[in-house]
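Working notes for the structure below.
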Amino acid sequence: MNYWLRVLGAAAIIVVAMIAHGDAFRAATRLGPELFGNLNAGLYFGVILGAPLLTADCLSRERREGTLGLLFLTPLTPTGIVAAKSVVHALRALSLTAAALPVICLAFLFGGAGWKEALLALMLNSAALLLALSAGLLASSIATQAKWANAAAAVLSALFMLIGFAVYEILITLLYTIRFKPNVAIHLEGLWEAYLSMPFVATGADGAWSNITGGMDSARLWAWMLTT
C-alpha cells in the first residue's frame, strides 16, 4: 500500500500539471510561480482529502477486532497508543508527499519561484497534514464502522480546513494589516471577500504567493512569514 501511495501521489501531481499548464504559453518568470502554486494547491488539497483516510480506521478497527482492550493490558497508555498511530500514518503521508516533490521542483527550473514559496509551502502543508491526521483520529475515536469513520474523517478534515482559513485570515488581519496598513478600514464585506480568496492565499494557486510577496520589503515579508 505504501508503494501505491507514492505512485498515486506523483501521478496526481503530474495530472494537475498537465491540466493546468498543458497548453500554457507565457513568460518563464510567470510560468514558474504559477506552476509551483498550482502543483502545491493540488498537493495541499490532496493532503486534506487523503491524509484523514489514513487514520480514519486506525482506532475503530482495533475496537471492531477486539484488540484495543489487549493493548491496554500492556504498559501502553491511551496517549501512547494515539501518538504511535499518529506517527506511523504521518510517515505514510510524508512518503506520499515526498513522491510529489520532484514534480513540484520542476517549477524552480523555470525561475520566478524561490525560497519564499518553498517556505510558505512547507509551513502551510505541514499545518494541513496535522489537521487532516487529527480529523482522521477524531473520526476513528467516534465511529466504529470503517465507512462511517472514513465519511466522518472527510467531513471533519474539510471543516478543519475552513476553520483554518478563518484563523489564518484573522491572523493576517490582526498581525499584518493593522501593523502595516493602519489607515485601511476593515469592513465585514471586505473580510468575506478576503475569506473567499483564502484558498489561493493558503495554497499559492495561480502564483498568488509571488504576487503577494513580490513587492514587499524585508520587514513586511518577514512579518508575513511570521504571521503564517
Normalised by the number of residues in the chain, what is the relative contact order in percent for Cα pairs under 8 Å and 6+ residues apart? 33 percent
Please list 101-112, 76-87 highest first by mean number of surrounding beta-carbon atoms within 10 Å per residue. 101-112, 76-87
Could you state the accessible area per residue of the chain in Å², with a 1.4 Å probe and every protein chain left in place? 55 Å²
Over what distance in Å are the Cα centres of the range 126-179 and the range 59-110 separated? 17 Å
In whole percent, the Cα-Cα distances of the range 101-172 spread across 10 Å bins from 0 upward as 18, 34, 27, 17, 4
Figure the gain on full extension for residue 159 and residue 126 (residue separation times 0.36 nm, minus the Cα-Cα span) and round it to one decimal in nm. 10.2 nm
Nearest-ten-degree value, helix 146-171 long axis tilted from longest Cα axis of the chain: 30 degrees
Roll a 1.4 angstrom probe over the protein heavy atoms and tell me the percent of accessible area of the chain that is carbon or sulfur. 72 percent
At q = 0.07, 0.08, 0.18 Å⁻¹, the log10 of I(q)/I(0) for the chain from a Debye sum over equal Cα scatterers comes to -0.27, -0.35, -1.28
Using Stokes-Einstein with the Kirkwood hydrodynamic radius over Cα pairs, what translational diffusion coefficient do you get for the range 68-187 at 4 °C and a viscosity of 1.567 mPa s, in µm²/s rounded to a whole number? 73 µm²/s
Ranked from highest to lowest mean number of other Cβ atoms within 10 Å per residue, what is the order of the peptides 41-54, 122-135? 41-54, 122-135
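The values are calculated or read from the model by the stated rules, or taken from the named source; none is laboratory data. Quick caveat, the model's predicted, so the values are computed rather than measured. For neighbour counting, all protein chains shown are included, and Cβ atoms are generated from backbone atoms with ideal geometry for every residue, glycine included. Ligands, DNA and RNA are excluded from the accessible area calculation, which covers all protein heavy atoms including side chains. Shrake-Rupley method; radii C 1.70, N 1.55, O 1.52, S 1.80 Å.
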